[in-house]
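Down below is the structure, laid out as structure tokens.
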Amino acid sequence: MKIVISLIVFLLLSLHVLPYIIRDQVVIWLQKQGAEAVSFEALDVRWLSGSIEVQSLKAKGGDTPPLNIGRFKVAIDYPSLLDKRVLIKALEVDQVKSGLHQQGDDLWLGPINLSKLQTNEESPPKASEPTDWRVGIENVQLQQIQWSLNLPQQQQSWVIDNARLNRLAQWNENEPTQITLDGVLNGSRVELNTEATPLPEQKRSVLHLKLDQFPLESVLKYSAPQLQGRLTADLEVELDLKGLDGSVKHKGTVQLDGLNWKDESVIITDQQVNWSGEGSVILAQGAPQSIDVEGKVTSQGLSLKLKEQLSALIGGLNWAGKLNLGFKEAQLSRIEGPQRLDVKGLEVKQSGMTIKADSVAQQGPLAIAFAQGAPTELKTTVDLGVSKLLFSQPNLQLNSENLTVSAPLTLAWQGGVLSSISSQAGIELTKLTVEQQKNVAITLESATLSGVLDKMKPDQPQVQAINADLKGLNVVTQVRPLQVLALDNGILKNLNYRQEQITLDQANFAGVVVNQPTGAKPMTAIDKLSVSGLSLKELNQLKINAIKLSGSETMLTVSKQQSLLEIERLTAALSAGETQVTPESAKPSVNAKPFVTSIGKFEMIGKNGISVTDQSVKPTFKSALDISNLMIANIDTAASKLSPFSVKATINKHAQLGAEGQINLFGGAKNGDWSLSLKNAELPVVSPYSGKFIGYYLQSGQMDFTSKGALKKGVLSGENHIVLNRLEVQPANSKETANFNKTLSMPLGTAIAVLQDTDGNIVLDVPVEGSLDDPKFGYQSVINRLASKGLKKAAFGFLTKALQPYGALISIASSAISANESGAFINLAPVAFTAGSDQMLPEAEGYLGKIVEMMNARKGLRLNICGNAVMDDRLALLPTLEKANNESDKPLPPAELEVKVAEQLQKLASDRGEQVLSLLLQRGLIKDRLFTCFPVPDLENKELKPGVMLGL
């Protein structure tokens, strides 16, 4: 009995002393491991309840962090041991401050050098034998834990305010385990709440994680030092795994503030990125089988810079969608799902190119198929909207108020290379502006376009069924302001494009204006223009079935240098500011094929005015042509087809032009025929040309002209019928006048007067004959016609009869030269005056009466009136002048007296001409038909008698 009592006492003493022994041994061991100051407030072992509690363990080293444990308690359930179960009923740790850090090659846990702990490397531990013992934890609680990690590539700081684990036991593996954590990681609040069953084969857990402004650089400083940002998250993750099979699901929100990625080539910054949504991953043998994501991404202030090549700024970004990713044999096989993208404040710059937009919106379903990791097919519906788009390059700038694109799109790949593109695109845009090289600017109020890509190969562009509706198109130049083109409305139907050919079923344009200066009329304005059946093959074969134009107005101005001012103006405006082309680059290719054009029919209907101003002649020529109908068919620059034509037009409001026929316009044997009629053509309008080429202005007159003829193998045959009504001409007194008179051998006015009938009309039939290269028609035919009439003979007969009995002194110039010298082709008998007097002889009045009758009979005749003074007049005046001079107080010397005599003779000749002119005017002749001269006294010709010279 004493022995038993002694053993009991010994055991009780041992149990009582053991905690002190353990405490001392712990202090000694800590000191051996490097701790310099170790204190241990208490070690409480409660054998009956199976708990051990450590209070206020403190260990300090030199430069190492301390190891402080405010309280450590563990309690074991004794009854469970009987069932071979180790159940930790409670594990409590409070007020811990310590950490891992590295100094040199040594790793320290607080003041404990872990690198110097003794290990038995010679006998590696044997594999443990299977055991029936099981381990379980009923409750773990951590409070006020401060833990630091200071390693070369990791510096972390943990503060755990509270952490719990409830129920984890191997013998009850299906019982859920709860884990909660509330603390601060690297200055960021972290909350973790988990319920899991991690022990059975079918593992399930639900994790709820919250982060608040967690600094990513604190954990990625060495692995990804380029990345910085503050992560805020509220996520719930659910795992359901059986081995490597199962699913992972998530839902919640993620926010990244102050994103900054910076390396040698890329800089990415973003004020804030947000994700909210949910998703799931299906796993088989650890590889994903499918991934589903549904949610929304937002961004504020995204910036991307790629060296000096690319920069992008996005004021705001929103993505919302639902995506499904499928996998086959551990490789991505498909991506499917609808999605929408909204971008605000977009700005992209790359190599001098800039793209800006106030907003970009894109939505549509997406389906991408993969094979062996490479895409094989992409299907989507592009629904894109862009507002206030700006695209600029150094020589080009494009602006659009709104741009929308709607198009189902299919892309196909073969062997990882894009092989075909299919789409049915619809595009709408408003208020488009394009500026090129600060010279040409294009504006467009609105446009609607559609087209089809049918399995188009990227290297063989081909677009089908293009339809376009354009409104408010304007093309202007800026350096030299000019409206090159304006269009109210344009419609293109079924345009097809491929590299070797372009085709177009129909094009309709309304309100077309071409080449209009500011504040002035355009070169051409067209109400309606249509083009049908267009085909452009190999860029050098143009074929058009029909061109129809209605309601147009065209202005053409020929400059003094005989060039078209409108074309010069357009060329100068378009070339202003452009880089000059070198002669070498401007040379055409030696092998270039000629451009061939074929037009089935060209028509003009309605009112189509053409105004022509020619400044190369004096006075300036002006004429207006109004085409009511014009048709030309079978136009072909590469064939010898006959081209039928017809035209109806009005010239200068009154003249009526009509023509029809057919002719070879290009090449061939030069065959054809024509019929032409021109009625009521006013002739004075062409006076600038007649004055320039034949030296006569057409003062008045009207012409009717008809022509019929044929062209066979380049040989002309036909007849022109000309009727000239009331034709009157006036010499331009130029070199051309003398040349023409020389050819005609008489003044044209005289010829007209002789040819006219009593009604003032001339009727001529002028045949047309000869080679097309040297036709025998024109004004020479008219001259020959006049000569064949025997004009000189006709003139003598007419004048002698008209002026009887005063026609004896009529003379006709022997040549155009003598007529030009005298100023008249026909010289009449002069009007006789008394020598030295301005009094006509009595017979002069009867003679002038006959002249009046003759002039009234031939309205086309003009009369030259030239007074003269001759030697007989000097002899009659000289005695009176000498007597007056002698009686003067200051007589004139002989030389000055001779000057006075000459002045008197000049005045006498002028008075005589004025007297005859006055008498003819009194008898009814109009001044337009009477011409006076500057009289010069003739004292050399002793045959001349005092009087007035008359000439026709």
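The figures follow:
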{"item": "Simple label model, 7 Å out from Cα along Cβ direction - LEU539 to ASP63, nm", "result": "7.5"}
{"item": "Sorted by Cβ neighbour density within 10 Å, fewest at the top, the residues THR518, THR376", "result": "THR518, THR376"}
{"item": "Percentage of interatomic Cα-Cα distances in the range 155-253 larger than 20 Å", "result": "50"}
{"item": "Ranking of THR64, THR524 by count of other Cβ atoms within 10 Å, fewest first", "result": "THR524, THR64"}
{"item": "Expected-Rg normalisation [2.2 N^0.38 Å, Cα atoms] applied to the range 362-491", "result": "1.30"}
{"item": "Ratio of Rg to Rh over the range 384-436 (Cα coordinates, Kirkwood Rh, two decimals)", "result": "1.16"}
{"item": "Hits among aspartates and glutamates - C-alpha to C-alpha of LYS560 under 19 Å, sequence gap 8 or more where chains match", "result": "GLU568, ASP614, GLU736"}
{"item": "Debye log10 I(q)/I(0) for the range 484-541, one point scatterer per Cα, at q = 0.15, 0.16, 0.20 Å⁻¹", "result": "-0.57, -0.62, -0.79"}
{"item": "Three principal axis lengths of the range 269-392 [C-alpha, angstrom, descending]", "result": "50, 29, 29"}
{"item": "Part-to-part distance (alpha-carbon centres) for the range 425-475 and the range 196-246, which is given in Å", "result": "50"}
{"item": "Interchain or long-range residues, amide H under 5 Å from ASN733's placed H", "result": "none"}
{"item": "Value in Å of the Kirkwood radius, where the range 200-318 supplies the Cα pairs that are averaged", "result": "16.2"}
{"item": "Straight-distance crosslink candidates among lysines, where the alpha carbon sits under 16 Å from LYS431 and sequence neighbours closer than 8 are dropped", "result": "LYS356, LYS388, LYS471"}
{"item": "Descending semi-axes in whole angstrom, ellipsoid equivalent of the range 408-557, from the Cα gyration tensor", "result": "34, 19, 14"}
{"item": "Per residue, the convex hull volume that the Cα atoms of the range 649-726 enclose (Å³)", "result": "117"}
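Read-outs throughout are calculated quantities, based only on the coordinates presented, and are distinct from any laboratory measurement. As the structure is a computational prediction, the values presented were derived from the model and not from experiment. All Cβ positions, even for glycine, are placed from backbone atoms using ideal geometry, and neighbour counts span all protein chains on display.
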